[in-house]
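Please read the structure below before turning to the comments.
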Amino acid sequence: LPALFKQELQNTEAKEGGTATLRCELTKPNAPVEWRKGDTTLYPGLKYEVKQQGCTAELVIYDLELDDS
């Protein structure tokens, strides 16, 4: 069976130049997660940090800009 969202992403507000953390909970532990913004896949680097532990997946966005919304 495919992994489903137990808890979907919530809207997050943060200030420009700050950091935002997006978090979702899945029905299967360690299910593959791909973070996207529109058609663009987001990869770990200086701007993005991707974390996953068990059923929880997180995307941390650093140095926020208006384009990150």
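The values are calculated or read from the model by the stated rules, or taken from the named source; none is laboratory data. Since we're looking at a predicted model, the values are computed, not measured. Note: ideal-geometry Cβ built from the backbone for every residue, glycine included; neighbour counts use all protein chains shown. Calculation scope for accessible area: heavy atoms of the full protein, side chains included, ligands and nucleic acids excluded. Shrake-Rupley method; radii C 1.70, N 1.55, O 1.52, S 1.80 Å.
Okay, here's what the table says:
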{"item": "Selection of trypsin sites (Lys or Arg not before Pro), the range 1-41, meeting DSSP coil and at most 11 other Cβ within 10 Å", "result": "LYS15"}
{"item": "Carbon + sulfur, % of accessible area of the range 5-61 - ligands and nucleic acids excluded, 1.4 Å", "result": "46"}
{"item": "Probe 1.4 Å, accessible area per residue of the chain, Å²", "result": "78"}
{"item": "Net charge, LYS37 excluded, C-beta distance under 13 Å - Lys, Arg +1, Asp, Glu -1", "result": "-3"}
{"item": "Sites excluded, GluC sites (Glu not before Pro) in DSSP loops with at most 16 other C-beta within 10 Å, longest stretch of the chain", "result": "35-64"}
{"item": "Options (i) 13.8; (ii) 13.3; (iii) 12.8 - which one matches Kirkwood radius over Cα pairs in Å as calculated here", "result": "(iii)"}
{"item": "Linear extension gain, GLN53 paired with THR21, 0.36 nm per residue minus alpha-carbon span", "result": "10.1 nm"}
